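Bear in mind that the values in this text are calculations on the coordinates, not laboratory data. Since the model is a prediction, treat every value here as computed from it, not as a measurement. Neighbour counts run over all protein chains shown; Cβ positions are idealised from the backbone, glycine included.
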């Protein structure tokens, strides 16, 4: 019963975060939204009793993807500002 | 599980879900990017607690490892975003 309610809440929040990531203007907000989606996907993997997949998703999605995305965004902005000069 | 313990457990679980939803509302509304980062941090901590609750419900100790890995790695994203907002990285 309580797992069903948790699954519904997680699904609704995940869907809204995905819509927000698509519709937002700033790229930084989209990156944070992708982190939220990764967190919720990790909990959902755990709910369907796949702890190894959840652990991998937690390590990759939370640790690696956000840092790599931010690094790429910083370099893109640096290059764009030097080209504008 | 004892009946009083079950009531406390269920109430804590619902409050945790409400905390996650309210933090997400702040994420949607937040005017600046710093608000969104703090909301993301709150959702991360609530998610770690949810994982521990799922471990209690499913009666499996191995789920606690997932919570530990997430708690050890989740600070990285927040620190990266904070460093980006500062201008470094």
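Of all residues being facing chain B (nearest Cβ under 10 Å) and without any contact (Cβ under 8 Å) to a residue 12 or more places away in the chain in segment A:9-18, which is nearest to residue B:9 (Cα to Cα)? Just the residue, please.
Checked segment A:9-18; the qualifying residue nearest to residue B:9 (Cα to Cα) is A:9.
Given the criteria facing chain B (nearest Cβ under 8 Å), out of contact with any strand residue (DSSP E or B) (no Cβ under 9 Å at 6 or more places or on another chain) and under 21 Å from residue B:39 (Cα atoms), does residue A:64 qualify?
no
Go through the residues of segment A:38-54 one by one and say whether even a single one is free of Cβ contacts under 8 Å to residues at least 40 places away in the same chain, at the interface with another protein chain (Cβ under 7 Å from one of its Cβ atoms) and over 17 Å from residue B:50 (Cα atoms).
no
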